[in-house]
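Below is one structure, written out as structure tokens; the observations come after it.
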């Protein structure tokens, strides 16, 4: 009975699908996989950016404001963060809708506790992503004159910073980073779409580089709670709903972060989100064909899109990467 009901759900409209993709990109901290600059590239990188890329395991605790700005409104919340080495703990102290949730990224996995459902969702670790995404943006900035600019950034969380502006081809500003020159930590950052609008930002309001850490700070267990693997569970639900999940080949640099049925614009789609060295993207499975030109028009330059069909099913790839890269990724998908 459930399968029949889901099969009759209308297809999401294009605007809703794109807004959902933007929301997921802003919420995700998955920003890329590991990589290195060549010696020639490294020699052209400003000193403060070298400090950020060379920074060891910074130990800190702090509060930060995270915000996503959609076409019509901004959504933001406060986070308390504890970090040591390759381990991170995030709590949400003030937002009523998020209060009680806890995220711990450690030992190769990310665990997210939802108190209202007494559920711990387990997904792949995202701890190695931020540095590698910075490498990708730096490499793109080096391709053109003036692609990386540094200047005084003023005080952020009471610390002096250097402001780094990163551009891509055609001089498009894609990111601004306010970096603590003493240790390379990005205390504030803003990400821009191809129209120049801010789509996501993060700013530390307070920072402590010498916090006390308890032995269980990076463990997340709740007695009686359910534990679910988000990718496996989402894939199973998608099949029951009549969608055909896809996968990338084992050697792909892109790692799947989530799999979920989503309701947007009164319809239903299945989303698989991936992150890799050049950006992140979502693969949307749809019940009906999508007009690529209409999808591009709806995107309005905020993200790039491409579409393809396979075995009677339609797919849309929506991401912050170049469209040529999205087409290459789409070509590699096979059935699970």
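Observations on the model:
- Stretch gain in nm, segment residue 232-residue 41, where the contour uses 0.36 nm per residue and the Cα spacing is subtracted: 64.8 nm
- Model label points for residue 252 and residue 152, set 7 angstrom from Cα along the Cα-to-Cβ axis, are 4.8 nm apart.
- Mean projected area (nm²) of the alpha-carbon convex hull when the stretch 103-248 is viewed from all directions: 13.1
- Oblate is the label for the stretch 177-232, because the ratio a/c of its alpha-carbon gyration tensor axes (a ≥ b ≥ c) is 1.5 or higher and a/b is not greater than b/c.
- The slack in the chain from residue 331 to residue 216, taken as 0.36 nm per residue of separation less the alpha-carbon distance, amounts to 37.0 nm.
- Geometric descriptor of the stretch 31-208, per residue, is 125 Å³ (volume of the convex hull of the Cα atoms).
None of the figures in this text is laboratory data; all of them are computed from the coordinates on show. Bear in mind that the values here come from a model prediction, so they are computed numbers and not experimental data. Every residue, glycine among them, receives a Cβ derived from its backbone with ideal geometry; neighbour counts consider all protein chains shown.
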